[in-house]
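Just so it is clear, none of the values below were taken in a lab; they were calculated from the coordinates. Keep in mind that this is a model prediction, so the values were computed, not measured. All Cβ positions, even for glycine, are placed from backbone atoms using ideal geometry, and neighbour counts span all protein chains on display.
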There are 2 protein chains.
Amino acid sequence: MKRRRRLALPLALFAPGLIGAAPPAAPLAPAEIVAAAPASAWRAVAPENLLLMEMGDGRRVAIELAPAFAPVHVANIVALTRGKWFDDNAVVRVQDNYVTQWGGADPKRAKPAGLVATPPEEYTRAAAGLAIRKLPFADPYAPATGHAEGWPVGSDGKLAWLTHCYGMVGVGRGLNPDTGTGAELYTVIGHAPRHLDRNIALVGRVIDGMEALSARPRGTETLGFYADPAQRVMIRRVRLASMMSVAEQLRFQVMRSDIPLFTGWKRARANRQDDFFTRPAGAVDICNAQAPVRKGR
Amino acid sequence: MKRRRRLALPLALFAPGLIGAAPPAAPLAPAEIVAAAPASAWRAVAPENLLLMEMGDGRRVAIELAPAFAPVHVANIVALTRGKWFDDNAVVRVQDNYVTQWGGADPKRAKPAGLVATPPEEYTRAAAGLAIRKLPFADPYAPATGHAEGWPVGSDGKLAWLTHCYGMVGVGRGLNPDTGTGAELYTVIGHAPRHLDRNIALVGRVIDGMEALSARPRGTETLGFYADPAQRVMIRRVRLASMMSVAEQLRFQVMRSDIPLFTGWKRARANRQDDFFTRPAGAVDICNAQAPVRKGR
């Protein structure tokens, strides 16, 4: 435990998986629940929704797209990806405690054919048809906030929308009524800017390699744009997993949010019993309860 | 407006200050309220509470200490600073969407004299004596959460504590009942980990230069520790402003939270009327309402 003595903030005590054993004396920590989750607790990320970015420095970012929430914008992003819009492109903006934005390195570059130039306002969708499992804690922003298919969802009971949690991906746009085409994307790199919910089309979530976007020098111009194009972080290539051979494809799974195990995981997040904790919070907010992701199954 | 057309997420339209003018047609945006705030809306950061870190790469970080919340831990940090504990020290841990931690580069280094080796559990204090202005929106974590003297404060009405918002600074510790001495500090670099509230002594807030701690490569070892000491970010020197000559001192001001102007600012944060916004959120959480800071008065 040499390492532990140096630590400030242990995330969890990783005890051996306890599945099948006698009921443990102490409740499982969140990470223990994840580690012990059976195959049935996970849904695979579909290759056609898995966007893989190769950065200029060799880092990789994996994004799951959410066509159930913004179908036209996602179709545009697919068309832009197939048309190599994001290849030899760049991160142009990093604003501390806010967003990293990419795709707009060269505004003069011609966009691929087949784009919807002015997509509809896919900022919300009908709640009907989504099995939202409500968080049992107050959300200041929306009364029926919870999870659907592993996505963080705000809702007023009638409409539903993805919430601006850390790592969520949205479509950059100008002023209203512009909704953006998908040619410029951003991800949240700080505290959840929930005031953007219902004002922008969210289209997915970074599920791996987030540090390739978050751990970048902040731009010094207004809104965090890089003053000098030389400061930009290059993007070498972006592909959908479905554009790759099966052997080449990376695989990810997201924890299902419609199962008792996920309910137990949320409860464990809200009531941390790990040795580190003195007072469990008794609650967890939607952006501190993002569905776990695992790689390579 | 060439720049604006490229933007995804304008923060605010910076209209000219409107103070003294006839009531404007549209409510002021948050940034307009800050820009127009009179001198009486601000409190100066006391030089004895202003910690200035000089990083090895020339960047500077300013931290306001909060002795009203953790007096023994803050006194230790002052003693550690005066005793040069943090000089030629380093950032040893950066964990994505969690914390950056520094001060523990060499566990064998002798600590300066005068430290309280086992400080009391300053995780909460009495709410009495703090004029907490409650946020008028639900906080899932604590019923009486709001601001006191510009600090974000959680409260159940009897006890009060600083909340783990982006940029808040806390004292690294091991397992209970250890509370840490202050020799290792961390700051939040992601979504507010509010489950740490009341479990750790928070001692202050980064009020300037946050990117010198947040925009760093994430460590690849467990909990984000750097695998190789060569990856560490060096800290050249840490001083209190009160240790400097008056000419040398940097100055900062934090917006007062006990004034109607601050109430109006919170309302504006919750009800964004800038041209960019379609649907105001109608709410704001404590970590999206951190008191504005200004420099150099």
* What's log10 of I(q)/I(0) for the range A:152-201 at q = 0.27 Å⁻¹, Debye sum over Cα points only, no solvent? -> -1.09
* Structure fact -> Checking B:Gly129, B:Gly104, B:Gly219 against a Gaussian network model of chain B (alpha-carbon springs below 10 Å), the top fluctuating residue turns out to be B:Gly129
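Need one value for B:206-213: mean number of C-beta atoms belonging to other chains within 10 Å of its residues' C-beta atoms. Please report the intermediate quantities before stating the final value.
Working: counts 0, 0, 0, 1, 4, 10, 1, 1.
For this peptide, the per-residue mean of nearby foreign Cβ atoms is 2.
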* To do: Would you mind working out the magnitude of the charge dipole of the range A:24-170 relative to its Cα centre, with +1 at each Lys and Arg C-beta and -1 at each Asp and Glu C-beta, to the nearest 20 Debye?
  => 240
* To do: Only residues of the range B:243-269 count here: report those whose backbone N is under 15 Å from the spot 7 Å along Cα→Cβ of B:Lys295, or say none.
  => B:249-254
* Average silhouette area of the range B:92-137, convex hull of alpha-carbon atoms, in square nanometres -> 6.7
* Over the range A:54-125, relative contact order from alpha-carbon pairs under 8 Å, at least 6 apart, % -> 32
* Taking amide H positions as placed in the peptide plane 1.01 Å from N, state which residues far from B:Tyr166 in sequence (5 or more) or on other chains have amide H under 5 Å from it. => B:Ala192
* Among B:Ala68, A:Asn271, A:Ala127, which residue has its Cα positioned farthest towards the positive end of the charge dipole of the protein assembly as shown, with +1 placed on the Cβ of Lys and Arg, -1 on the Cβ of Asp and Glu, and the dipole taken about the Cα centre? -> B:Ala68
* Asked: Can you pull the three principal axis extents for the Cα set of the range A:179-249, in Å, largest first?
  -> 43, 34, 23
* Between A:Thr278 and the same site in the other copies, what are the distances in nm, shortest first, taking label points 7 Å from Cα along the C-beta direction? -> 4.6
* Structure fact -> Placing +1 on each Lys and Arg Cβ and -1 on each Asp and Glu Cβ in the range B:141-289, then taking the dipole about the Cα centre, the residue among B:Ala183, B:Gly154, B:Phe252 whose Cα reaches farthest towards the positive end is B:Phe252
* Asked: Around A:Val233, which amide H atoms from residues at least 5 apart in sequence, or from another chain, sit under 5 Å from its own amide H, with H modelled in the peptide plane?
  -> A:Val91
* Asked: Taking the alpha-carbon set of chain B, what are its Rg and Dmax in Å?
  -> 19.9, 64
* Asked: Tell me, what is the percent relative contact order of the range B:13-165, built from C-alpha pairs under 8 Å that lie six or more residues apart?
  -> 13
* Asked: Rg and Dmax of the range B:115-257, using alpha carbons, in Å: what are they?
  -> 16.9, 48
* Looking only at B:Phe137, B:Phe252, B:Phe69, which one moves most when chain B is put into a Gaussian network model with springs between Cα atoms under 10 Å? -> B:Phe137
* To do: Please work out which residue of chain B brings its Cβ closest to the axis of the rotation superposing B onto A, and round that distance to whole Å.
  => B:Ala138, 2
* Name the residues whose placed amide hydrogens come within less than 5 Å of the amide hydrogen of A:Asn97, ignoring near sequence neighbours (fewer than 5 apart) on the same chain. => none
* **Residue among A:Ala29, A:Ala62, A:Ala117 with the largest mean-square fluctuation in a Gaussian network model of chain A, springs linking Cα atoms under 10 Å** => A:Ala117
* To do: Kindly give the distances from B:Leu159 to its copy-mates, label point to label point, with each label point 7 Å from Cα along Cα→Cβ, as nm values to one decimal ordered shortest first.
  => 4.0
* Asked: Across the range A:125-133, in residue order, what do the Karplus-derived ³J(HN,Hα) couplings come to in whole Hz, using 6.51 cos²θ - 1.76 cosθ + 1.60 with θ = phi - 60° and x for Gly and Pro?
  -> 9, 5, 5, 4, x, 10, 8, 7, 8
* Table column - 3J(HN,Hα) (Hz), the range B:257-262, Karplus curve with 6.51, -1.76, 1.60, x for Gly and Pro -> 9, 10, 10, x, 4, 5
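Quick check on the exposure proxy: order A:Leu213, B:Leu130, A:Leu175, A:Leu65 from fewest to most C-beta atoms within 10 angstrom. Kindly include the intermediate steps, with their values, before the conclusion.
Details: A:Leu213 27, B:Leu130 18, A:Leu175 15, A:Leu65 24.
Least to most surrounded, the residues fall as A:Leu175, B:Leu130, A:Leu65, A:Leu213.
Could you tell me the relative contact order of chain A? Use alpha-carbon pairs under 8 Å, at least six residues apart, and round to a whole percent. Intermediate values should be presented prior to the final figure.
Numbers: 611 pairs, mean separation 80.6, N = 297.
Once divided by the residue count of chain A, the mean separation gives 27 percent.
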* Structure fact -> dims of the range B:59-156, Cα set, principal axes, largest to smallest, nearest Å -> 47, 33, 23
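Per DSSP H run of at least 4 residues, take -39500 (n - 2.57); add these up for chain B, divide by its residues and hand me the 222 nm value, nearest 500 deg cm²/dmol. Spell out each step's value before the answer.
Values: 5 runs with 39 residues, N = 297.
When only DSSP H runs of four or more count, the value is -3500 deg cm²/dmol.
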* Structure fact -> Note, the range B:226-235: 3J(HN,Hα) by Karplus (6.51, -1.76, 1.60, θ = phi - 60°), whole Hz, Gly/Pro = x, goes 6, 5, 10, x, 5, 7, 4, 9, 6, 10
* Span from the the range A:212-235 Cα centroid across to the the range B:258-274 one, whole angstrom -> 30
* Asked: Got the B:Ala26 label distances to the other copies yet, label 7 Å along Cα→Cβ, in nm, shortest first?
  -> 5.4
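Which FRET efficiency, nearest 0.05, do B:Asp178 and A:Ala113 yield, Cβ-Cβ r, R0 56 Å? All intermediate terms of the calculation are to be shown ahead of the outcome.
Numbers: r = 63 Å, r/R0 = 1.12.
After rounding, the FRET efficiency stands at 0.35.
Under the Kirkwood approximation applied to all pairs of distinct alpha-carbon atoms, what is the hydrodynamic radius of the protein assembly as shown in Å?
Values: mean 1/r = 0.0402 Å⁻¹.
The Cα-based Kirkwood calculation yields 24.9 Å.
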* Placing +1 at every Lys and Arg Cβ and -1 at every Asp and Glu Cβ, with all other atoms neutral, what dipole size does the protein assembly as shown have around its Cα centre, in debye to the nearest 20? -> 320
